[in-house]
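K.L.:
Have a look at the structure that comes next, please.
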Amino acid sequence: MGDSPQGVILPKARGDLLETSIVVERMLAGEIETTVVPQNPLDVLAQQVVAMCALQDWDVDELGKLIRRAHPFRDLGPRAFESTLDMLSGRYPSDEFAELRPRIVWDRVEGRLRGRAGAQRLAVTSGGTIPDRGLFTVNLLDDGRRVGELDEEMVYETRPGENFVLGASTWRVMEVTPSQVLVAPAPGEPGKLAFWKGDMESRPVELGRALGTMIRELRAATPAAAEKRLTEGAGFDHRATVNLLRYLEDQAQSSALPDDRTIVVERFRDELGDWRVCVLTTLGGKVHAPWGLAVAARLRERTGIEVQSIHTDDGFALRFPDAERPPNLEDVLLDPDEVTELVTAQLHGSALFASRFRENAARALLLPRRRPGQRTPLWMQRQKSADLLQVAGGHADFPILIETYRECLRDVFDLPALAELMRGVRSREVHAVVVDTARASPFAASLLFAYIPPSLYQGPPDHACSHE
């Protein structure tokens, strides 16, 4: 944050500086985010039912009453409860997917539940709610002591004899097994840094609104008042304050500033001459992800062009290869009454849905660990999950399918906030500004920075090879 006012800092770093200011200001004011409890997670319900029935027989009504005493399941309906029991007791054809075989026995005449053989072992070896990322454990070659964990892609690119830094120490790779990386200490030796992939939590909408309000207030204030606010409210030093205020000024000069009352739709051509459209708001990824998903799908349908999209907490960007003209404002706005329908229609085929389905199926004990205590490669888990998703897709009432829709639409996305934003635009409480520029503005450049990693590492290679 103490970069020289005359120095050059990346747009992404300047964007992080902006978000840090509001986070620190709100934290010092004693404000915290609202805690949201998942409602009726059917994957967790399935796991708990198997574990409970593995130990003793249960009356169905008594089991339901006990489960509803837990806060997340206080509103669990009889239909959702019974559909989960149906799945666990073998309603769906196991010949299409072996792991759909029954886990419990449901005596519908007596209204009793009991576990099948192996249910207890399954609950113990495959239980838990933390997703399995297929990480390799790192152990010392001499005594087997655990050092840490590595992502499977990191291990795939590592060979015996190479050094890497983990836990502030350097280690030499001695051997790579299917589930472990055996190492020896290599103090003082240079080594490459370990990397992992993980989920990034999106900016909450309430923080996004506060960030937008702060941008608007900083621009309306005098330079002295704005600097005083950042210095006293966020604890910034003079150089950080100057950099942030200059960032806002640069954005205002090159395009327009998004805030709690303004959406900026910025249009320009990229280095290849293709149209890029950046929709800039401060509301965070929970709003931008479903918005970008719905807009890209709608434009593909209308134009026949393979529209590419990406989102961050600062907005979403669309790329139109070989398009004669960019989309209009009406093309990127949604009908507030159709938001849920539009997003739901596009969700099933998305990468997000496939990823969440895999995690939910594993929690529901439908993707059990074959060898307890040993690593299961993540790519194998994806393949197994894809097979199950293909089978489940033929049953609209499949509980884990329903749970994945619930998780995406309620926990990952914030559709009520998106609909409220669209109503604000319709009532003109929120202004939508369209700006045509010669090149990306500072805010848009920060957003487009997210295009680089997927294109760099996941794009088609120039030589003949394949990537998962």
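The values are calculated or read from the model by the stated rules, or taken from the named source; none is laboratory data. Values in this document were obtained by computation on a predicted structure and should not be read as measured data. Every residue, glycine as well, gets a Cβ built from its backbone with ideal geometry; the counts of neighbours run over all protein chains shown. All accessible areas refer to the heavy atoms of the entire protein, side chains included, with ligands and DNA or RNA removed. Shrake-Rupley method; radii C 1.70, N 1.55, O 1.52, S 1.80 Å.
K.L.:
Where does the charge balance sit around residue 408 when Lys and Arg score +1, Asp and Glu -1, over other residues with C-beta under 12 Å from its C-beta?
P.N.:
Local charge sum for residue 408: -1.
K.L.:
Considering only protein heavy atoms, what is the solvent-accessible area of residue 197 at a probe of 1.4 Å, reported in Å² to the nearest 10?
P.N.:
Result for residue 197: roughly 120 Å² accessible.
K.L.:
Compute the distance from the alpha-carbon center of region 193-211 to that of region 355-427, in whole Å.
P.N.:
For region 193-211 versus region 355-427, the Cα centre distance is 20 Å.
K.L.:
Give me the extension gain from residue 98 to residue 246: residue separation times 0.36 nm, minus the current Cα-Cα distance, reported in nm with one decimal.
P.N.:
Difference between extended and current length: 47.3 nm.
K.L.:
Continuing with the same structure: Modelled label-to-label distance, residue 32 and residue 238, 7 Å Cα→beta-carbon offset: nm?
P.N.:
With each label point 7 Å from Cα toward Cβ, the separation is 3.8 nm.
K.L.:
What whole number of Å gives the distance from the Cα centroid of region 325-342 to the Cα centroid of region 132-185?
P.N.:
What the calculation gives is 48 Å, centre to centre.
K.L.:
Can you compute the modelled spin-label distance between residue 61 and residue 323, with each label point 7 Å from Cα toward Cβ, in nm?
P.N.:
Simple spin-label model gives 6.0 nm for this pair.
K.L.:
Taking Cα atoms, how many degrees apart are the long axis of helix 285-303 and the longest axis of the chain, rounded to 10 and kept between 0 and 90?
P.N.:
Computed tilt is about 80 degrees.
K.L.:
Still on this structure, I have one more. Roughly how many debye, to the nearest 20, is the charge dipole of the chain about its Cα centre, given +1 on each Lys and Arg Cβ, -1 on each Asp and Glu Cβ, and no other charges?
P.N.:
780 debye
K.L.:
List, in order, the whole-Hz ³J(HN,Hα) value for each residue of region 95-106 obtained from phi through the Karplus relation with A = 6.51, B = -1.76, C = 1.60 and θ = phi - 60°; use x for Gly and Pro.
P.N.:
6, 7, 8, 4, 6, 8, 5, x, 9, 9, 10, 10
K.L.:
Would you rank 27, 154, 174 by solvent-accessible area, highest first, keeping every protein chain in place and using a 1.4 Å probe?
P.N.:
So, going from the largest accessible area down, we get 27, 174, 154.
K.L.:
In what sequence, largest accessible area first, do 130, 22 appear using a 1.4 Å probe?
P.N.:
130, 22
K.L.:
To the nearest µm²/s, what D does Stokes-Einstein give for region 325-403 at 37 °C and 0.692 mPa s, using the Kirkwood radius over alpha carbon pairs as Rh?
P.N.:
Result for D is 220 µm²/s.
K.L.:
Which angle from 0 to 90°, rounded to the nearest 10, does the C-alpha axis of helix 415-426 make with the longest principal axis of the chain?
P.N.:
Helix 415-426 sits roughly 30 degrees off the main axis of the chain.
K.L.:
Going by alpha carbons, how many degrees (0 to 90, nearest 10) lie between the helix axis of 42-55 and the longest principal axis of the chain?
P.N.:
The angle comes out at about 30 degrees.
K.L.:
For the charge dipole of region 254-316, defined by +1 on Lys and Arg C-beta atoms and -1 on Asp and Glu C-beta atoms about the Cα centroid, which residue among 299, 257, 309 has the Cα displaced farthest towards the positive pole?
P.N.:
299
K.L.:
State the label only: which of [x] 23.9; [y] 25.5; [z] 26.9 corresponds to Kirkwood radius over Cα pairs in Å computed from the shown model?
P.N.:
So the calculated entry is the one marked [y].
K.L.:
Let me cross-check residue 155: its accessible surface, 1.4 Å probe, with only protein heavy atoms counted, in Å² to the nearest 10?
P.N.:
Accessible area, nearest 10 Å²: 10 Å².
K.L.:
Further, regarding this structure: Considering only DSSP beta bridges whose two residues both sit in the chain, what percent are antiparallel, to the nearest 5?
P.N.:
Counting only bridges with both partners in the chain, antiparallel ones make up about 75 percent.
K.L.:
Let me spell out the model: positive unit charges on the Cβ of Lys and Arg, negative unit charges on the Cβ of Asp and Glu, origin at the Cα centre of region 255-310. What dipole size does that give, in debye rounded to 20?
P.N.:
Value, rounded to 20: 200 debye.
K.L.:
With every protein chain kept in the model, how would you rank 375, 219 by accessible area, 1.4 Å probe, largest at the top?
P.N.:
Reading off the accessible areas and sorting them downward yields 219, 375.
K.L.:
Report residue 395's accessible area, 1.4 Å probe, all protein chains in place, as a number in Å² to the nearest 10.
P.N.:
The accessible area comes out at roughly 50 Å².
K.L.:
Here's something else I'd like to know. By its C-alpha gyration tensor, with a ≥ b ≥ c as the square roots of the eigenvalues, how is region 32-142 shaped: rounded for a/c under 1.5, else prolate for a/b larger than b/c, else oblate?
P.N.:
Because a/c hits 1.5 or more and a/b fails to exceed b/c, region 32-142 counts as oblate.
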